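Just below is one structure, and these are the notes that go with it.
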Amino acid sequence: MSTLYPCKVQPQVQDFTPYTAGLSIEEIKAEYNLSRVIKLASNENPLGCSPYVQKVIARSASFGFRYPRPGNPELCQALAEFYRLSPDNFVVSNGSDEAIDLLLRVMARPGKDHVLVFDPCFSMYRLQARLCGVDIRSVPLNPDFSFPFAELLRIVDQDTALVFVTNPDNPSGYAAPREKLLEMAARLPESCLLVVDEAYLEFADDPEAVSPLSELPECTNLVILRTFSKLYGLAGLRLGYGIMPPWLRDYLMRVKPPFSVNLLAERAGIAALRDGYFAGQTRRTVLAGKSYLKRELKAMGCTVFLSQANFLLFKPPVPAKSLYERLLKQGIIVRPLGSYGLDDYLRVSIGNTHENKAFIRAMQDILSQPSV
Ligand SMILES: Cc1ncc(COP(=O)(O)O)c(C=O)c1O
């Protein structure tokens, strides 16, 4: 296909397979002629977006003609106050996806360095590395989806630029204790960064027990990624951030497009940090919904994995693919995991009470039919 065009297209782009996103509600409504669809596929917030944040966004709409300040210093300041760190520890980004890309471009030499991940893992690490011309090496997760740290350390060498660990992990929900991550950071060569992607951290049973954040000021090679997409319900505004040592922030800020975080997203982020009530309600909704879904799925014969995130990984007692398709026909979108190499499993986001019940009713209905 690419040979039809006269221009040069980079080799790593020519056969690039893009990110597989969860299906949208509109697509499924149109395809199955449904008036109501429930999406439990992208780990979005079950309560939507905070009413307070919505008001701030509406009030800010008239500033849409202004450029934001490069580097979004007000949001960095708000984050610094929230975490009792310095603004020099924060890079805000267009979703944590942008932070992943910036780290790769700053730290990894194309064609020479490589990055390490567990397999399976969140696919953006691979995709961005490939686009940057950086090799990716992986170590399979343990069968229970826990992290084989020793195996990963065994393949680290002087050309390992970055190690990505998602904690709690996607798609399993497994979370390693913070001590393991700190030990890992300490055992990496000085030139290698440990990037802990904590997109789901706020849903862990005890977030402080799994996050190495409190040690970040003492660690020169630790980066933590967080996002406003999950707990704060701002996935559509694209807002994430990296917490890192000031020397690294300095490099990222030099290469980051100055206005990649827009003015409405910045104001929404500041407001979201102030709305502790909404964040608390979200967390309570997710924890209650998770135990309900876990109990009901197990009662239907599914193998359900322990999750410290806002989703559950499960293996149904029938082929996952046909169950997924039957759910779609009933207007319920969950996440098939073929792109993670987990064909026999499905991942379901924790919804609100109404959504969770509708999902369980659909599951019971499908599994009670002999022909699945
Ligand atoms: C592990 C992980 N990291 C990062 C992200 C992306 O977050 P953002 O919406 O901030 O780009 C996701 C999104 O699902 C994720 O699962």
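The values are calculated or read from the model by the stated rules, or taken from the named source; none is laboratory data. Fair warning: this is a prediction, and the values are worked out from it, not measured in the lab. Note: ideal-geometry Cβ built from the backbone for every residue, glycine included; neighbour counts use all protein chains shown. Accessible surface areas use protein heavy atoms only, side chains included; no ligands, DNA or RNA. Shrake-Rupley method; radii C 1.70, N 1.55, O 1.52, S 1.80 Å.
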Since Glu190 meets every condition but one in (1) modelled with pLDDT of 95 or more; (2) more than 16 Å from Ala309 (Cβ to Cβ), which condition does it not meet? (1)
Inspect all residues belonging to the range 255-270 and state whether any of them is assigned to a helix (DSSP H, G or I), in contact with a strand residue (DSSP E or B) (Cβ under 8 Å, 6 or more places away or on another chain) and surrounded by fewer than 22 Cβ atoms within 10 Å (Cβ to Cβ). no
For the range 239-248, does any single residue satisfy the condition of being touching a helix residue (DSSP H, G or I) at 6+ places or on another chain (Cβ under 6 Å) and either away from the ligand (no atom under 16 Å from the Cβ) or free of Cβ contacts under 8 Å to residues at least 24 places away in the same chain (or both)? yes
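Please determine whether any residue of the range 216-224 is within 13 Å of the chain's Cα centre (by Cα), within 16 Å of the ligand (Cβ to nearest atom) and closer than 20 Å to Asn94 by Cα.
yes
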Contacts under 7 angstrom Cβ, first residue in the range 261-277 being closer than 12 Å to Ile57 by Cα, partner crowded, with 22+ Cβ neighbours inside 10 Å and of a type in the set (D, E, K, R), 6 or more apart: none
List the helices (runs of 4 or more DSSP H) that sit entirely inside the range 17-103 and contain at least 2 residues that are open to solvent by less than 40 Å² (accessible area, probe 1.4 Å). 51-60, 73-83
Just checking, which of Ala358, Ala362, Ala288 is in contact with a helix residue (DSSP H, G or I) (Cβ under 9 Å, 6 or more places away or on another chain) and open to solvent by less than 20 Å² (accessible area, probe 1.4 Å)? Ala362
Would you be able to say whether some residue in the range 58-77 is within 15 Å of the ligand (Cβ to nearest atom) and closer than 15 Å to Val261 by Cα? yes
